[in-house]
């Protein structure tokens, strides 16, 4: 596992295995989100690739949306994992190309 973490630290573009390890989620979850266009990913031939910077922006946007959706009791639900959240680059373009 240590070797995978070192690879993730060295590359801005990650494989699905590296991206899943980076996000600490199951590869199946990552693939499902990518196939639905719900996370920043690109399919190159038959494999998916993920940008560390775009994943960081996507995760930050999801966290901010989740914090903004809290109820007054402090326990609210943010957007579901299946709801798309735009990255900074997508917002700057005025939407998404997914």
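The values are calculated or read from the model by the stated rules, or taken from the named source; none is laboratory data. No experiment lies behind these values; they were computed from the predicted model shown. Glycine gets a Cβ as well: all are built from the backbone with ideal geometry, and neighbour counts include every protein chain shown.
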Residue set 35, 16, 65, 28; condition in contact with a strand residue (DSSP E or B) (Cβ under 9 Å, 6 or more places away or on another chain) and exposed (fewer than 15 other Cβ atoms within 10 Å of the Cβ); output residue 35
Under 11 Å from the mean Cα position of the chain (by Cα), surrounded by 14 or more Cβ atoms within 10 Å (Cβ to Cβ), at pLDDT 65 or above and not in a helix (DSSP H, G or I): does that describe residue 57?
-> no
Could you tell me which numbered condition residue 90 fails, if it satisfies all but one of (1) at pLDDT 70 or above; (2) part of a helix (DSSP H, G or I); (3) closer than 21 Å to residue 12 by Cα?
-> (1)
Restricting attention to segment 39-54, report how many residues are outside any strand (DSSP E or B) and crowded, with 18+ Cβ neighbours inside 10 Å.
-> 4
